[in-house]
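Since the structure comes first, as structure tokens, the remarks are kept for the end.
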Amino acid sequence: MRAEHGPVIPVELEPGVEGWLVIDYATITAWCRDERTFSRDAHRWRDWREGRVPDDAAVIGMMKPRPNALFSDGEAHRRVRRAMTDAFGRFDSARIAADARELAGGLIDAFCARGEADLVAEYANPLPLLVMNRLFGMDEASGKRFFTALRDMWDGVDAERANQEIEAVLSDLVGAKRDRPGEDITSMLMRHRAGLSDEEVIQHLVLMIGAGSEPSACLLSNAVRVMLTDQRLGDDLASARTAIPDAIDQVMWTAPPVTNYPVMYPTQDITLPGGAVIREGSPVLLGFAAANRAVADEHRDRLEDAPNRAHLAWGVGPHRCPAKEMATAISITGIEVLLNRLPRLRLAVPADELAWRLSPFGHALTRLPVAFDPHSPEQEGTTWKPSDSKPDTSTTRPPSSEKQGQSSLSSFLARLLRGR
């Protein structure tokens, strides 16, 4: 594609939904900083605005306009972003890492005696959500509903229903916090001096919890996969030549969790060097994964010798991800606890048998089967047993309304995410 089209590629996001994918590092950097020529406001999406994209399109949940920082520009963006950063700022990385360490230990206690596990379903998926529940003041039932719907929306599985479920969960959360505010991010957003409306609070929760949980889960599982399949990186970690934060950055160069998102809209027609024209209002997806990979391949020797953080995986410009520190703290802590608690951790299947979820926006494994030396849980009383349900695959399936029983949050999510 790069050889045929250059840095910007015409793409079909799904049948009948057209757009562009920019895959060049320098082009992404320049365009993200040009707020006059490119807008994040999805009301500019011409095909959707003029009725050529149906409301039940698979990509609509991730692309439709929302009153939050991801879809705003200029002063409107600065106003709501300030509320997000102030709320995140009340919880430093050390506090988040401490929560993640405690919760990670509880998840590992649930399967460590078996000597085998699926690290996607039993560890990488539930850990960020458990941390999010604490930070945002959600109860376990709400957390389960939110995560299941969020994963469907990322993958374009019944996206309209998934979006409705997400907004219903968060509307209930805002109502509960209005009656019983606490020292959590939801309550802080509601009382911030920016004066967010209830709808703005709900839509920022979609952004903040979504950015903190799903990509963090994918980053954690992707990083563990790379560590278990890249002999050089595994040896470096074992001999302490590479710190886990450096390993995370190496993964961000070659296997970032967010591939083609977010989206920008030109405010005027853009003529590309080859003569193609991006019409005003056409969706332009930011292909961070392709751009990072091209730079990583070109400078492979230098990056292997001295890992750096110049990748685009956290975004660039005014819309740079505000959840970077939180996601990094969760991922680093999750890997540290995993490596410390599971002796001789190794893949339980050949690397070429690992499968990936089908998603236009993210890059995530369906399963990560591992084996390790079994040992007793650190906390007595762990009663979780693995579900007999079949694991997720990379094909879509209809939504299920089956209700799950209640238990401790860790074991509850472990069962849920193993069998969906």
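The values are calculated or read from the model by the stated rules, or taken from the named source; none is laboratory data. The structure displayed is predicted, hence computed values, not measured ones. Note: ideal-geometry Cβ built from the backbone for every residue, glycine included; neighbour counts use all protein chains shown. With ligands, DNA and RNA removed, areas are computed over all heavy atoms of the protein, side chains included. Shrake-Rupley method; radii C 1.70, N 1.55, O 1.52, S 1.80 Å.
With the cut-off at 1.5 for a/c, could you classify segment 128-183 from its C-alpha gyration tensor as rounded, prolate or oblate? Note, shape of segment 128-183 comes out oblate. Accessible surface calculations at 1.4 Å, restricted to protein heavy atoms, place segment 1-151 at 40 Å² per residue.
What is segment 1-41 by shape, rounded, prolate or oblate, if you read a ≥ b ≥ c off the alpha carbon gyration tensor as root eigenvalues and call it rounded for a/c under 1.5, prolate for a/b larger than b/c, and oblate otherwise? Note, shape of segment 1-41 comes out oblate. Exposed loop GluC sites (Glu not before Pro) only (DSSP loop, at most 12 other Cβ atoms within 10 Å): please give the longest stretch of the chain free of them, not including the sites. The segment 184-377 is the longest one with no such site. What are the trypsin sites (Lys or Arg not before Pro) within segment 1-94 that DSSP puts in a loop, where the Cβ has at most 14 other Cβ atoms within 10 Å? Sites meeting the loop and neighbour criteria: R36, R52, R90. Simple rule: put +1 on each Lys or Arg Cβ and -1 on each Asp or Glu Cβ in the chain, find the dipole, and look at L129, A113, A223; the Cα lying farthest toward the positive end is L129. For segment 19-88, the C-alpha radius of gyration divided by 2.2 N^0.38 Å, with N the number of residues, is 1.27. Between segment 197-216 and segment 144-190, how far is it from one alpha carbon centroid to the other, in angstrom? Segment 197-216 and segment 144-190 have Cα centres separated by 8 Å. When the Cα positions of H319, A291, G156 are compared along the charge dipole of the chain, H319 comes out farthest toward the positive end, with charges on each C-beta of Lys, Arg, Asp and Glu. Computed from point charges on the beta carbon alone (+1 for Lys and Arg, -1 for Asp and Glu), the dipole magnitude for the chain about its Cα centre is near 560 Debye. Principal axis extents of the Cα atoms in segment 132-230, from largest to smallest and rounded to whole angstrom, are 49, 29, 25.
In this structure, the amide hydrogen of L368, modeled 1.01 Å from its nitrogen in the peptide plane, lies closer than 5 angstrom to those of L119, V120, A121, counting only residues at least 5 positions away or on a different chain. Its residue count N sets the reference 2.2 N^0.38 Å, and the alpha-carbon radius of gyration of the chain equals 0.96 times that reference. Nonpolar atom fraction for segment 54-147, defined as the carbon and sulfur part of the 1.4 Å probe accessible area, stands at 50 percent. Computed over the chain, the per-residue total of -39500 (n - 2.57) for DSSP H runs of n ≥ 4 gives a 222 nm mean residue ellipticity of -15000 deg cm²/dmol, rounded to 500. Would you please classify the overall shape of segment 182-285 from the alpha carbon gyration tensor, given that a ≥ b ≥ c denote the square roots of the eigenvalues, rounded means a/c under 1.5, and beyond that prolate means a/b larger than b/c while oblate covers the rest? It is oblate, given that a/c is not under 1.5 and a/b is not larger than b/c.
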